[in-house]
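Notes follow once the structure below has been shown.
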Amino acid sequence: MTDGWSQRAVRVLPAGITHDVRWRSPSGPYFVMGRGALKWDVEGRRYVDYVQGHGSLLLGIAHPAVTAAVLEAVEKGTHLGGNHPAEVQWAELIAELVPCAEKVRFTSSGTEASLLALRLARAATGRELVGKLPGHFHGWHDYGVLGVSPPFEKPVSPGVPRGVLESVLVLPENVVQAVSRVAQGDLAAVILEPSGASWGTVPLERDQIRQIVDVCRHHGTLVIFDEVITGFRVHPGGAQALFGITPDLCLLGKVVAGGMPGAAVAGRADLMSVLELRSGDPAWNRFSHVYHPGTFNANPVSAAAGIACLKEVRDGNPIEQADSVAARLRLELSKALTDVDLPVAVYGLSSWFHVVVGLERPPATALQVKSLPAGPATLADRSLIQRGIDTLRLGGFVGAAHTDEQVEATVEAYRDTFADLATQLGLGG
Ligand code: PMP
């Protein structure tokens, strides 16, 4: 049945997929439903899910409170073509939880939030150049294609105009060098993932973030934290609350909308004020205000899911629960994989984990991790999926619904997978 779906898929979907990260060769399972930490495919096979809606499902798949809120909203109409109370309540919850969030503007995806934040920063500072760090991901839009994979100065995709590429600067990975580049004073903003590159695949120390933020403050450069992953996951107030460093603007996505499409830019009221429209000031409205329509911005269904999710997350309990299961998973996986005749690094923050084949410890640079051969991880992924474990390149997200029994089964599957892998690679075993 899986083969049937993948054969149909390649006829109508480029590469047979709808998201680059979901590409597997041969094709992976076709999923039909999920509950909590589990999901099932078209053949009725069960999987422990560490993708968790690409990190959007902190509460697990089909959480009852979120599902009920969505069903109620759908009944009332998926779009009411105007302002509605839920968008206000949703923004109020964000403002309550996220330190920098004096004002909030909703978008439909993290990519759109990223695009809007860069436009706001450029409009507010009158500068064009934006700095980003190697390996940090900020969505698939044109300004996000540099510094994604080596060589970092080359875009990760064709099709992006030169002018756009010239308006983004990939800063040196070395913080001292990055700081001295920012000190030239020509950047509108520095955007970064406070977890470190690619949801903490390359961890960033709090002190490193501090240094970058401090130099930005001295030179009129805005700081944008991309909290699409970290928001409402590492702390109810995101990484900015966890680290005690408040950016000027932040991007929120994934958990903010409880697993529905939805995201936001949140930040300082004075910066967000460029989005305002003024009655009686056509010149401001035409030439100075930052333009931002969007049919599905804060649509009632996403707003309902977001509100239901943030109300659950607000007291920190689901985060604590997910964090403690993830800590146990990381610990047990490291123990289980020490016996394997392969270098493997197991690490992570909060409720995510990374398993990187080819490294003994977490990488110091994005270049180090992004230049590793893909072969061993691909083989391991294939074996894990056959054993009923679905991950994001061997790592993933633990949600509040994962249990200790699932951790045990997962560790078992990794142990067997890595024993097989060592044999396949001719490394004893
Ligand atoms: N920023 C970060 C840090 C992300 O991880 C992602 C998505 N994985 C995005 C931005 C883009 O979000 P979306 O996929 O909703 O466009």
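The values are calculated or read from the model by the stated rules, or taken from the named source; none is laboratory data. Just so we're clear, the structure is a prediction, and the values are computed from it rather than from any experiment. Neighbour counts run over all protein chains shown; Cβ positions are idealised from the backbone, glycine included. Just so you know, the surface numbers come from the protein's heavy atoms only, side chains and all, with ligands and any DNA or RNA stripped out. Shrake-Rupley method; radii C 1.70, N 1.55, O 1.52, S 1.80 Å.
Whenever you get a sec, line up 339, 416, 207 from highest to lowest accessible area (probe 1.4 Å, protein heavy atoms).
The residues order as 339, 207, 416, largest area first.
Would you mind telling me the share, in percent, of accessible area of segment 77-313 contributed by carbon and sulfur at probe 1.4 angstrom?
Looking at segment 77-313 in its full context, I get 55 percent from C and S.
Calculate how many DSSP beta bridges within the chain are antiparallel, expressed in % of all such bridges and rounded to the nearest 5.
Given both bridge residues lie in the chain, the antiparallel proportion sits at roughly 60 percent.
With θ taken as phi - 60° and the coefficients 6.51, -1.76 and 1.60, list the Karplus ³J(HN,Hα) couplings across segment 225-241 in order, rounded to whole Hz; mark glycine and proline as x.
8, 8, 9, 4, 8, 6, x, 6, 10, 7, 5, x, x, x, 5, 5, 6
Students sometimes get this wrong: rank 11, 361, 24 by accessible area, probe 1.4 Å, all chains present, largest first. Spell out each step's value before the answer.
On the way: 11 180, 361 160, 24 55 Å².
Greatest to least solvent exposure: 11, 361, 24.
Could you run the Debye sum over the Cα atoms of segment 77-313, one equal point scatterer each and no solvent, and tell me log10 of I(q)/I(0) at q = 0.08, 0.10, 0.11, 0.15 Å⁻¹, two decimals?
Treating every Cα as an identical point scatterer, log10 I(q)/I(0) equals -0.28, -0.44, -0.53, -1.00.
Just for segment 77-313, what percent of DSSP beta bridges are antiparallel, to the closest 5?
Bridges in segment 77-313 are about 40 percent antiparallel.
Using all C-alpha to C-alpha distances in segment 1-41, build P(r) with 5 Å bins and read off the rounded percent in each one.
6, 22, 28, 24, 14, 5, 1
May I have the pair-distance distribution P(r) for segment 129-220, computed from all Cα-Cα distances with 10 Å bins from 0 and rounded to whole percent?
17, 52, 28, 2
Have a look at 239, 303, 203 and report the one farthest towards the positive end of the charge dipole of segment 77-313, computed about the Cα centre with Cβ charges (Lys/Arg +1, Asp/Glu -1).
303
What figure, in Å² to the nearest 10, do you get for the accessible area of residue 210 with a 1.4 Å probe and non-protein molecules left out?
Counting only protein heavy atoms, residue 210 exposes about 70 Å² to solvent.
How big is the chain by Rg and Dmax over its Cα atoms, in Å?
Expressed in Å, the Cα Rg and Dmax of the chain come to 21.7, 77.
Taking only protein heavy atoms into account and a 1.4 Å probe, give the accessible area per residue of segment 77-313 in Å². Display every interim value, and only then the final one.
Details: 9560 Å² over 237 residues.
Counting only protein heavy atoms, the per-residue value for segment 77-313 is 40 Å².
With the cut-off at 1.5 for a/c, could you classify segment 24-80 from its C-alpha gyration tensor as rounded, prolate or oblate?
Values: a/c = 2.32, a/b = 1.97, b/c = 1.18.
Here segment 24-80 falls in the prolate category.
How much length is gained if the chain between residue 314 and residue 378 is pulled fully straight, taking 0.36 nm per residue apart and subtracting their Cα-Cα distance, in nm to one decimal? Show your work: numbers first, answer last.
Numbers: separation 64, 0.36 × 64 = 23.04 nm, distance 3.75 nm.
Here the segment from residue 314 to residue 378 would lengthen by 19.3 nm.
Using just the helices of the chain, give the 222 nm mean residue ellipticity in deg cm²/dmol: DSSP H runs with n ≥ 4 each add -39,500 (n - 2.57), and the total is spread over all residues, rounded to 500.
Working: 17 runs with 175 residues, N = 429.
After summing the helix terms and dividing by residue count, I get -12000 deg cm²/dmol.
On a C-alpha basis, how far is the centre of segment 145-185 from the centre of segment 199-232 in Å? Whole number, if you could?
16
Rounded, prolate or oblate for segment 222-310? Axes are the square roots of the Cα gyration tensor eigenvalues, ordered a ≥ b ≥ c, and the cut-off for rounded is a/c under 1.5.
It is oblate, given that a/c is not under 1.5 and a/b is not larger than b/c.
If the chain between residue 176 and residue 76 were fully stretched, how many nm would it gain, using 0.36 nm times the residue separation less the Cα-Cα distance? Mind showing how you got there, number by number?
Numbers: separation 100, 0.36 × 100 = 36.00 nm, distance 5.42 nm.
In short, 30.6 nm is gained.
Probe radius 1.4 Å, ligands and nucleic acids left out: which of 50, 30, 291 has the largest accessible area, and how do the rest follow?
Per-residue accessible area, sorted high to low, gives 291, 30, 50.
Pop out the ³J(HN,Hα) list for segment 2-12 in order, Karplus 6.51 cos²θ - 1.76 cosθ + 1.60 with θ = phi - 60°, rounded to Hz; leave Gly and Pro as x.
Values, residue by residue: 4, 4, x, 5, 5, 5, 5, 4, 5, 6, 10 Hz.
For segment 370-391 and segment 1-58, write down the distance between their C-alpha centroids in whole Å.
15
Output the pairs from 39/311; 39/103; 103/132; 39/335; 76/254 with a Cα-Cα distance over 31 Å in this structure; if there are none, say none.
39/103
Could you tell me whether segment 320-367 comes out rounded, prolate or oblate from its Cα gyration tensor? Rule is a ≥ b ≥ c as square roots of the eigenvalues, rounded for a/c under 1.5, then prolate if a/b exceeds b/c, otherwise oblate.
Oblate, since a/c reaches 1.5 and b/c is not below a/b.
Run the simple label-point estimate for residue 165 and residue 32 please: 7 Å along Cα→C-beta, distance reported in nm.
4.6
What's the percent breakdown of Cα-Cα distances in segment 77-203 across 5 Å bins, shortest bin first?
Calculated P(r), rounded to whole percents: 2, 10, 16, 20, 19, 13, 9, 7, 3, 1, 0.
Semi-axes, largest first, in whole Å: what does sqrt of 5 times each Cα gyration tensor eigenvalue give for segment 1-130?
Here the semi-axes work out to 34, 23, 15 Å.
Per the Cauchy relation, a quarter of the hull surface: what is the mean projected area of the convex hull of the alpha carbons in segment 350-429, in nm²?
Working: hull surface 23.4 nm².
Convex hull of Cα atoms, orientation-averaged projection: 5.9 nm².
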